[in-house]
Amino acid sequence: MSYWTVAVYFIKPSYEQINELIARQVKLLFVDEVEIGRQHLTLVDALNAKVRDDGMRVYSQKQARDAGVDDATYYGFWSSEMSEYLGGKAEVRVMQAQHLQVWIRPPQAPSIWIKVTLNSGINEDQLSPLTLYLLVIGALSVIGGWMFARKQNKPLRRLQKAALSVSKGSFPQSLPLEGSTELVEVTNAFNRMASSMKQLEQDRALLMAGISHDLRTPLTRIRLASEMMVEEDEYLKDGIVNDIEDMDAIINQFIAYIRQDQQELVELISINRLLKEVADAETHRDVDIALELGHCPDISIRAVSIKRVITNLVENAYRYGGGWVKISSYTTKSAVCFRVEDNGSGIDEDQIETVFQPFTQGDSARGSVGSGLGLAIIKRIVEGHLGKVTLCNRKEGGLCAEVELPIE
């Protein structure tokens with residue numbers, strides 16, 4: 001609309017006025033019959049004799065080519081208007097020299113060219129200002145669109161980061177309500193959802209922590225009482241102590257599942273180092289541990305949490321395997337990976353996805369020892385690092401647990 005307004009109300013009237021003035025000058029040359037009867041007087045000379053303006057000159061075709069008419073630019077809209085003013089088909093060309101030169105081939109004498117030199121300060125570049133104006137409009141539109149998109153994308157990026165934080169178990173402060181109406185509504189709904197989830201998580205953590213804490217007091221009394229049993233009841237004492245240790249281990253799993261180690265610092269460390277430390281710590285057991293560590297770069301992780309993942313996987317492999325555990329590591333384009341394999345009985349295919357749920361166990365294949373929180377803790381820790389943990393049965397028999405941790 002701006003382009004059309006400038007073209008119609010500012011640019012076009014100026015060019016029409018200049019074109020009309022030139023056309024009047026050309027028409028004046030052909031008002032009276034020109035005396036060309038004498039042998040030495042040609043049409044060009046006769047017309048030049050009538051010219052009273054120093055800025056106008058008449059050329060033959062050859063003279064015009066020598067003067068540079070072929071280098072002039074043809075303008076269709078000037079030619080159309082000139083044809084209307086002169087009453088026939090005319091051709092207009094424009095050339096920029098020291099001054100603007102307008103070449104006209106009039107319908108009254110198509111074999112000649114009339115050159116009009118304009119000294120008004122108009123140059124050829126000003127004949128198409130709409131091109132420049134269009135570029136300015138385009139540039140402003142792009143800049144405006146970029147600023148608008150940036151203003152809209154800023155709260156979207158903030159919302160994306162907050163959603164990722166919630167997915168990792170961290171609840172950010174309420175987001176500011178900025179952007180379009182729809183975006184404000186989405187942000188407001190997200191704030192309410194995050195607040196509800198935070199409250200629910202706090203209540204759940206408080207409940208489980210309270211139960212776990214309260215259970216330890218009677219367990220301690222039971223253990224103390226078992227220590228005071230007579231020697232004849234030694235077999236009964238050993239059973240009670242073992243049950244207490246199992247219950248204590250279950251309570252520790254509850255606490256580990258609740259805590260998630262969110263306060264643990266992230267540090268740059270080698271995954272091979274953690275794998276080797278866990279393998280060395282298991283040497284006292286009657287198990288054959290095979291290490292196959294590839295080249296892995298250091299990555300930013302919570303070392304204690306990832307070490308707990310490795311320990312839990314090795315513990316499962318030892319508990320449900322047949323006395324052989326293999327620990328290996330390798331690197332892909334975007335992740336550092338490690339595997340823990342055993343030679344046990346494996347797990348049913350339809351239970352592979354469900355065993356990661358809290359309090360779920362692959363009872364039919366793997367036994368029923370523990371609380372069913374081990375793999376849930378592993379999954380939560382790995383996903384907190386934006387990684388992935390998968391289980392699959394080995395062709396040779398047994399289970400393979402694979403963990404992928406992103407390099408960046």
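The values are calculated or read from the model by the stated rules, or taken from the named source; none is laboratory data. Note that this is a predicted model, so its numbers are computed, not measured. Glycine also receives a Cβ, built like all others from the backbone with ideal geometry; neighbour counts cover every protein chain displayed.
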* What are the pairs, 6+ residues apart or on separate chains, where a residue within the range 318-340 that is on the phi < 0 side of the Ramachandran plot and part of a strand (DSSP E or B) has its Cβ under 8 Å from a residue that is surrounded by fewer than 21 Cβ atoms within 10 Å (Cβ to Cβ) and of a type in the set (S, T, N, Q)? -> Trp324/Asn343; Ser329/Asn272; Cys337/Thr331; Phe338/Ser328; Arg339/Ser328
* **Matching residues, the range 351-408, being modelled with pLDDT under 75, charged (D, E, K, R) and buried (at least 19 other Cβ atoms within 10 Å of the Cβ)** => Arg366
* Asked: Say we look at the range 278-298 and pick out the residues that are touching a helix residue (DSSP H, G or I) at 6+ places or on another chain (Cβ under 7 Å) and not aliphatic (A, V, I, L, M); which of these is farthest from Pro406 (Cα to Cα)?
  -> Arg285
* **Every residue from the range 31-74 that is modelled with pLDDT under 85 and of a type in the set (Ser, Thr, Tyr)** => Thr42
* Asked: What single numbered condition from (1) surrounded by 14 or more Cβ atoms within 10 Å (Cβ to Cβ); (2) outside any helix (DSSP H, G or I) fails to hold for Gln173?
  -> (1)
* Taking the range 176-192, which residues are assigned to a helix (DSSP H, G or I) and polar (S, T, N, Q)? -> Thr181, Thr187, Asn188, Asn191
* Asked: How many residues does the range 283-317 contain that are part of a helix (DSSP H, G or I), in contact (Cβ under 8 Å) with a residue 40 or more places away in the chain and of a type in the set (D, E, K, R)?
  -> 2
* Structure fact -> Here the residues within the range 171-212 that are more than 23 Å from the chain's Cα centre (by Cα) and of a type in the set (Gly, Ala, Ser) are Ser174, Ala189, Ala194, Ser195, Ser196, Ala205, Ala209, Gly210, Ser212
* For Ser195, state whether it is farther than 30 Å from Lys161 by Cβ and either touching a residue at least 12 places away in the same chain (Cβ under 8 Å) or assigned to a helix (DSSP H, G or I) (or both). => no
